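Q: Pasting in a structure now, in structure tokens, and then I'll have a few things to ask.
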Amino acid sequence: MSVNIVAFGNERDGFSEDNQQPSLIWSYLGRSALISHIDSSLSASHVGNPVCTDYQACVFGNVRLVVHDCPVWDIFDSDWYTSRSLIGGADIIVIKYSVNDKTSFQELKDSYVPMIKKALNHCSVPVIISAIGARKNGVPCTCPLCTSDRRSCVTTSEGVQLAKELGATYLELHTLNEFYIQKYFGGVLEYFMIQSLNQKSSEKMKKRKKMQKCHRVQPPQLEQPEKMPILKGEASHYDADLHNLLCCCQCADVAFYPEDFSSMVEAHKIILCSVSHLFMLLFEVKSPADIRDASIVRMAQSLFTVETGAAFPQVLRGVPPCVSPVRVVVKDPIFCSCLPDILHFIYSGAFQWERLEEDIKKKLKDPEKTEHVLEKVKCILKTPGKLNTVKDCRSHQIKRLYNTSLRLFFNTPVLADVIFKIQGATVPAHRAVLVARCEVMAAMFNASILQAMSLLICAEMYQVMRLQHICELYIITQLQSMPSRELASTSLSIVSLLKKAKFHNSDCLSTWLLHFIATNYLIFSQKPEFQDLSAEERDFVEMHRWPSDLYLKQLADYRNYVHSQKCHCTVM
């Protein structure tokens, strides 16, 4: 029996000069009284900063402990399939960060926590968040190229809030000495290890009892589908879907920049226009004559400048080449620094005004600047012709925004970038909303299997082996996620994909496709393309088909046995 622990994050701050300091996991393995043996061939690799370091140890006498320690978060950006498989195979997940590295913590919170939540899905894997280090109050860097502030530390409340979002256990370790490692971190980690072992032992015992049932004439066993779940009412996740759209920035068609173009914040015109007449004016959905409020017009002109047709300093994520994004320059630097928090407020349905106030106060640490930014937000959300008060922003105005929201753009060609044709009629829609609210639409608007195969062919032609491997994994993942009904009705030729994979030396993909055809034999054997398989391929599929010939023969024999005259009902 074994326990798998996956650790993400770096316990050293960005300004630390002690690169030889042992990691949290390595410190635990070396100090825990439960560890009886550490694999010496792997223990030497913890020095430095590898992408992922593996440890193995013996715990509780004969239980194997397997640890994957990934100090660099880039693994989520560069190899999503590996990071997702690591999380999927984990019994315990440990997330580490330094309390003196606010920049890394913010990147973890904004970019990687949503990815971890998506990978965990509905799994009940325990997560431990470890905040490491004693908070410092150093002098800020005076280098003109350095935008960081050494005085900014990650507070306890910020760590606790992050733990709440993940449903995790939060720990603060002021140093990696024996007291903190054994009493705090080790105690919590070993508690979850014991829970994992108990669960695995229980599952093993259930399997053993099942095998010990009395033997009698039984029908051939075929794995049964999962039981249908009981239908229950599901709470709306509208706000969460739009918030995730902002985090992933898929289909973003707006990019906000400061005047020096040193950073970029992405957004979507349809979402912004649905909550504010100012953005309608900015993106030419309405004219100044339609607005009929001079204050909104003045605010739009004084705060933003729209530049169309200009080259982008950075590439927007998830935007197809045919889309022409809009570049918006934010003239107010204080407002621009708070723009990510303001967009989070807008995308969350404009319900969390108190939280927006608190976030801006923490960021600016100046009452006058805070009030300055909040007044501009109130003007952006203002109804033309009405003077909004703080009370309006917290009550009536907020409800009005939420109730109208995207309904203003339903079934209208305004800002529409998708058209559905249904029996001669056309229905306009918006790509960003479809992607946010529907996983099927998100997959449809992403790169298709045929596009991935075309990219694989180019990668093989120019010998870009890593890109070829990524294309293979993408095609395999997409096909695995297709239900049987879609496989039976799809016009995509799996046999054609197989022949292309073989021709372009994609051995991994061609082998998997052969097994895929064999595993779904009852579906593909009915398709005309099945006849295009070569004799060698046909023999392989027949040999590995599911259900097998042996099972079908056993099933036929069992049916004959049941219906034979020698078999009588014991009840009657």
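Q: Would you pick out the residues in region 428-458 that are at pLDDT below 85, part of a helix (DSSP H, G or I) and of a type in the set (Gly, Ala, Ser)?
A: Listed by number, the residues that qualify are Ala436, Ala442, Ala443.
Q: Pull out all pairs, ordered by first then second residue, where Cβ-Cβ is under 9 Å, the residues are six or more apart or on different chains, the first lies in region 525-545 and is more than 21 Å from Thr490 (Cβ to Cβ), and the second is loosely packed, with under 14 Cβ neighbours inside 10 Å and modelled with pLDDT under 90.
A: Glu542/Asp549
Q: May I pose another question? For region 553-572, which residues satisfy the criterion of being modelled with pLDDT under 85 and either open to solvent by less than 80 Å² (accessible area, probe 1.4 Å) or within 30 Å of Lys500 (Cα to Cα) (or both)?
A: Passing the criteria: Val562, Ser564, Cys567.
Q: Considering only residues that are part of a loop (DSSP other than H, G, I, E, B) and open to solvent by less than 50 Å² (accessible area, probe 1.4 Å), look in region 159-207 and name the one that is nearest to Val94 (Cα to Cα). Even if it seems obvious, please write down each step before you answer.
A: Our first condition is that a residue be part of a loop (DSSP other than H, G, I, E, B); within region 159-207, this holds for 167-168, 174-177.
Going one step further and asking which of them are open to solvent by less than 50 Å² (accessible area, probe 1.4 Å), we end up with 168, 176.
Numbers: Ala168: 9, Leu176: 15 Å.
So, considering only residues that are part of a loop (DSSP other than H, G, I, E, B) and open to solvent by less than 50 Å² (accessible area, probe 1.4 Å), the one nearest to Val94 (Cα to Cα) is Ala168.
Q: Could we say that Ser263 is more than 19 Å from the chain's Cα centre (by Cα) and assigned to a helix (DSSP H, G or I) here?
A: Numbers: more than 19 Å from the chain's Cα centre (by Cα): yes; assigned to a helix (DSSP H, G or I): no.
For Ser263, the condition - more than 19 Å from the chain's Cα centre (by Cα) and assigned to a helix (DSSP H, G or I) - is not met.
Q: Just to verify a result, which residue in region 284-294, among those that are open to solvent by 30 Å² or more (accessible area, probe 1.4 Å) and either part of a helix (DSSP H, G or I) or of a type outside the set (S, T, N, Q) (or both), is modelled with the lowest pLDDT? It would help to see each step written out before you state the result.
A: From region 284-294, those open to solvent by 30 Å² or more (accessible area, probe 1.4 Å) are 284-290, 292, 294; that's our starting set.
From the residues that got through so far, the ones that are either part of a helix (DSSP H, G or I) or of a type outside the set (S, T, N, Q) (or both) too are 284-286, 288-290, 292, 294.
On the way: Glu284: 89, Val285: 90, Lys286: 89, Pro288: 88, Ala289: 86, Asp290: 86, Arg292: 81, Ala294: 87.
Only one residue tops the list, namely Arg292.
Q: Can you tell me which condition Thr147 does not meet? The list is (1) modelled with pLDDT of 85 or more; (2) part of a loop (DSSP other than H, G, I, E, B); (3) among the β-branched types (Val, Ile, Thr), and all the others hold.
A: Evaluating Thr147 over (1) modelled with pLDDT of 85 or more; (2) part of a loop (DSSP other than H, G, I, E, B); (3) among the β-branched types (Val, Ile, Thr) leaves (1) as the failure.
Q: Quick test for you: out of Pro229, Pro220, Pro225, pick the one residue that is outside any helix (DSSP H, G or I), at pLDDT below 85, open to solvent by less than 30 Å² (accessible area, probe 1.4 Å) and more than 30 Å from Val63 (Cβ to Cβ).
A: Details: Pro229 fails: open to solvent by less than 30 Å² (accessible area, probe 1.4 Å); Pro225 fails: open to solvent by less than 30 Å² (accessible area, probe 1.4 Å).
Selected residue: Pro220, the only one of Pro229, Pro220, Pro225 that is outside any helix (DSSP H, G or I), at pLDDT below 85, open to solvent by less than 30 Å² (accessible area, probe 1.4 Å) and more than 30 Å from Val63 (Cβ to Cβ).
Q: Helices (runs of 4 or more DSSP H) wholly in region 505-569 with at least 1 residues that are touching a helix residue (DSSP H, G or I) at 6+ places or on another chain (Cβ under 7 Å) - which ones? So that I can check it myself, show each step before the final result.
A: On the way: elements: 507-519, 521-524, 535-544, 549-563.
Qualifying helices (runs of 4 or more DSSP H): 507-519, 521-524, 535-544.
The values are calculated or read from the model by the stated rules, or taken from the named source; none is laboratory data. Fair warning: this is a prediction, and the values are worked out from it, not measured in the lab. Neighbour counts run over all protein chains shown; Cβ positions are idealised from the backbone, glycine included. What goes into the accessible areas is simple: the full protein's heavy atoms, side chains included, and nothing from ligands, DNA or RNA. Shrake-Rupley method; radii C 1.70, N 1.55, O 1.52, S 1.80 Å.
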